[in-house]
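**Q** The following block contains the structure, expressed as structure tokens.
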Amino acid sequence: MAESPITPREKDFAAWYQDVVLQGDMAEPAEIVKGCMVIKANGYAVWENLQRELDGRFKALGHQNVYFPLLIPESFLKKEAEHVEGFSPELAVVTVAGGKELEEPYVIRPTSETIVGHFFAKWIQSWRDLPLLYNQWANVVRWELRTRMFLRTTEFLWQEGHTAHSNHQEAVEEVLRILDVYAEVAEDIMAMPVIKGVKSRAEKFAGALRSYSIEAMMQNGLALQAGTSHDLGQNFGKAFDVQFQNKDGQLEHVWQTSWGVSTRLIGGLIMSHSDNKGLVLPPKLAPTKAVLVPIYRKEEEKGPVLEAAHRIAKELGAKVDDREGQSPGAKFFHWERRGVPVVLELGPRDLASNNIVLKRRDTGTKEIISQSEVGVKFATVLDTMQKDLYNAAKARLQANTVVANSLGEVEEILREVTAEKGGGKFVMAHVKDDPICDARLKEFKATVRNIPLVDEYDGAGKCIVTGEEVDRRVVIAKSY
RNA sequence: CGGGGCGUGGCUCAGCCUGGUAGAGCGCCUGGUUCGGGACCAGGAGGCCGGAGGUUCGAAUCCUCUCGCCCCGACCA
């Protein structure tokens with residue numbers, strides 16, 4: 001990757017984002033495959049870290065990993081009416097295989113509820129078989145009309161949880177438990193504050209009874225749906241005849257859930273923290289937490305500097321950038337744009353004074369510290385940086401969240417921010433959960449992001465569209 | 001899928017209007033001097049101009065089609 005300038009964020013947010021992804025060596029468009037991307041080593045390492053965090057939490061809650069086929073018989077999609085309606089426009093279908101036209105085409109999975117339903121029906125007979133708690137790490141394909149790296153690509157990586165329960169309450173508890181896991185990973189690991197809530201009926205997953213989401217705000221004020229958890233009710237249970245015999249000997253359809261987060265999280269991560277110098281990664285997710293740049297001018301300085309550099313780097317688990325023929329300055333820029341949280345400088349002056357220079361990626365502040373304290377200081381800085389990134393994002397979310405009490409006010413606020421290069425705000429207003437209301441908001445190119453689980457505002461009020469009483473304000477925003 | 005923009009060495013782009021067989025800067029390779037925020041000198045490698053047709057004696061340049069990327073919209077994690 002040649003290192004080129006990064007478009008300033010305030011000049012063109014979309015161009016900035018793309019530059020950061022490219023210059024941070026996270027991914028690049030797979031220009032030979034429409035709408036797809038190559039996730040590069042630096043990006044994939046972040047995904048692996050996210051996988052590790054999520055997978056451990058899923059397993060701690062009793063889930064097991066499984067793997068279902070990539071190809072799904074086309075007829076499966078049609079078994080749940082709303083599901084097929086929601087997904088058919090974005091399906092990729094295999095009609096020829098082995099040189100022959102297939103009798104029944106396969107769709108490449110856009111999600112796996114249908115094929116999971118089929119197998120759940122085989123595996124579940126008794127209430128003793130429940131709950132079934134599965135997760136799968138997989139790729140899916142959705143033929144999108146417009147793509148952006150990480151945020152929306154034709155193929156993407158995700159995890160999809162699929163569970164079956166003997167009653168609705170237990171399923172709902174599962175849905176909310178997972179939503180908490182998502183929020184925890186987003187906030188504690190990604191340093192990305194989110195709002196947990198219920199999707200409006202108009203925005204819910206095709207085939208679900210209810211969808212829940214975590215919504216994050218990007219640096220331009222647009223919303224990003226960062227994770228979803230669905231209460232599928234008995235819809236798929238009925239469509240695929242997933243039945244169990246209850247304790248009374250009666251046959252019942254199971255209650256299912258499904259939930260997922262994808263590589264989109266990486267897009268959210270980038271748009272939450274990065275700056276005009278490039279990528280900024282929170283310490284807990286950064287593949288490389290620190291790089292040490294050795295500095296020497298005379299040949300006789302080289303040996304001692306490198307020796308000390310490797311000794312200190314080993315102690316910290318840092319990487320030494322000992323490439324020849326690159327000036328220290330060039331190295332600083334290189335690691336800066338790749339989002340490495342801490343860059344250490346060690347030169348003859350430091351050797352003489354037993355010091356080392358430590359620089360934070362987020363604030364850009366340099367600190368000269370004693371070599372004997374570097375271990376403790378390093379850990380503290382990573383910890384502080386993790387917290388500071390979260391706090392900054394949280395402050396931005398709060399600063400850009402406003403209250404509106406009429407449709408006109410919502411329009412006004414959104415029009416104002418949109419005028420500034422496609423920016424956005426979160427507008428809190430009373431809106432009834434009715435597709436008619438969603439449709440009105442769509443006129444402002446905004447949607448109900450979700451109805452927060454926790455009401456941080458002033459309780460009930462009258463819907464700004466219908467005038468009917470609703471119990472709390474919802475989040476309205478333009479979104480990715 | 002509609003509207004707009006863009007595809008020329010690895011990267012950023014000039015050349016196209018007015019056809020004559022390809023350039024610059026950066027990067028890369030070799031050697032040397034450098035090294036505390038993008039070093040310098042010398043030498044060198046690298047491009048059938050996104051692809052396919054057409055017009056022409058001759059096409060990066062003109063025409064048609066096509067593929068991809070970016071932006072705006074409609075659809076969506």
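**Q** For region A:205-258, give the percent of accessible area contributed by carbon and sulfur heavy atoms, probe 1.4 Å, rounded to a whole number.
**A** Of all accessible area on region A:205-258, carbon and sulfur atoms account for 39 percent.
**Q** Between region A:425-480 and region A:279-322, how many Å separate their Cα centres?
**A** 51
**Q** Would you kindly derive the ³J(HN,Hα) couplings of region A:354-369 from the backbone phi angles with the Karplus curve 6.51 cos²θ - 1.76 cosθ + 1.60 (θ = phi - 60°), listing them in order in whole Hz, with x for Gly and Pro?
**A** 6, 10, 8, 9, 10, 10, 7, 5, 6, 8, x, 7, 9, 9, 9, 10
**Q** Still on this structure, please answer the following. Going by a ≥ b ≥ c, the root eigenvalues of the Cα gyration tensor, does region A:290-381 fall in the rounded group (a/c under 1.5), the prolate group (a/b larger than b/c) or the oblate group?
**A** Oblate.
**Q** For residue A:238, list the lysines whose Cα falls under 21 Å from its own Cα; do not include residues on the same chain fewer than 8 positions away.
**A** Straight-line reach from residue A:238, under 21 Å: A:78, A:79, A:122, A:204, A:247.
**Q** Based on DSSP loop calls and a cut-off of at most 14 other Cβ atoms within 10 Å, the longest stretch of chain A free of exposed trypsin sites (Lys or Arg not before Pro) is what?
**A** In short, A:147-246.
**Q** Round to a whole number: what % of the accessible area of region A:273-400 belongs to carbon and sulfur, probe 1.4 Å?
**A** 52
**Q** Please give the FRET efficiency for residue A:462 paired with residue A:298, using the beta carbon to beta carbon distance and R0 = 60 Å, rounded to the nearest 0.05.
**A** Between residue A:462 and residue A:298 the formula returns 0.20.
**Q** Also: If I take R0 = 22 Å and measure r between the Cβ atoms of residue A:210 and residue A:395 in this structure, what FRET efficiency does the formula 1/(1 + (r/R0)^6) give, to the nearest 0.05?
**A** Efficiency, from the Cβ-Cβ distance: 0.10.
**Q** State to the nearest 20 debye the size of the charge dipole of chain A about its Cα centre, where the only charges are +1 on K and R beta carbons and -1 on D and E beta carbons.
**A** 840
**Q** If you roll a 1.4 Å probe over the heavy atoms of the protein chains, what accessible area per residue do you get for region A:367-477, in Å²?
**A** Ligands and nucleic acids excluded, the result is 49 Å² per residue.
**Q** Tell me, in nm to one decimal, what length is gained between residue A:122 and residue A:48 on full extension, where the rule is 0.36 nm per residue of separation less the Cα-Cα distance?
**A** 23.4 nm
**Q** Let me make sure I get this right: for chain A, a, b and c are the square roots of the gyration tensor eigenvalues over alpha carbons, sorted descending. Under 1.5 in a/c it's rounded, otherwise prolate if a/b > b/c, else oblate. Which is it?
**A** prolate
**Q** Given 0.36 nm per residue, what is the gain on full extension from residue A:368 to residue A:469 after removing their alpha carbon distance, in nm?
**A** Contour length minus the Cα-Cα distance gives 30.4 nm.
**Q** I would also like to ask the following. For chain A, what is the relative contact order in percent, using Cα pairs closer than 8 Å and at least 6 residues apart in sequence?
**A** Relative contact order for chain A comes out at 14 percent.
**Q** Provide the gained length on full extension for the span residue A:315 to residue A:82, in nm with one decimal, where the gain is 0.36 nm per separating residue minus the Cα-Cα distance.
**A** 78.2 nm
**Q** Let me ask you something else. Per residue, how much accessible area does region A:126-205 have with a 1.4 Å probe, in Å²?
**A** I get 38 Å² per residue for region A:126-205.
**Q** Find the relative contact order for region A:290-381 and round it to a whole percent, using C-alpha pairs within less than 8 Å whose residues are 6+ positions apart.
**A** Averaging sequence separation for qualifying contacts and normalising by length gives 29 percent for region A:290-381.
**Q** For residue A:439 and residue A:384, what does the FRET efficiency come to when R0 = 45 Å and r is the distance between their Cβ atoms, rounded to the nearest 0.05?
**A** 0.45
**Q** Which lysines have a Cα lying under 22 Å from the Cα of residue A:314, excluding residues fewer than 8 positions away in the same chain?
**A** The reachable lysines, counting only those whose Cα sits under 22 Å from residue A:314, are A:284, A:289, A:302, A:331, A:359, A:366, A:377.
The values are calculated or read from the model by the stated rules, or taken from the named source; none is laboratory data. Quantities reported herein were computed from a predicted structural model and do not represent experimental measurements. Reconstructed Cβ throughout: ideal geometry from the backbone, glycine too, with neighbour counts over all protein chains shown. Areas reflect the complete protein model, heavy atoms only, side chains present, ligands, DNA and RNA absent. Shrake-Rupley method; radii C 1.70, N 1.55, O 1.52, S 1.80 Å.
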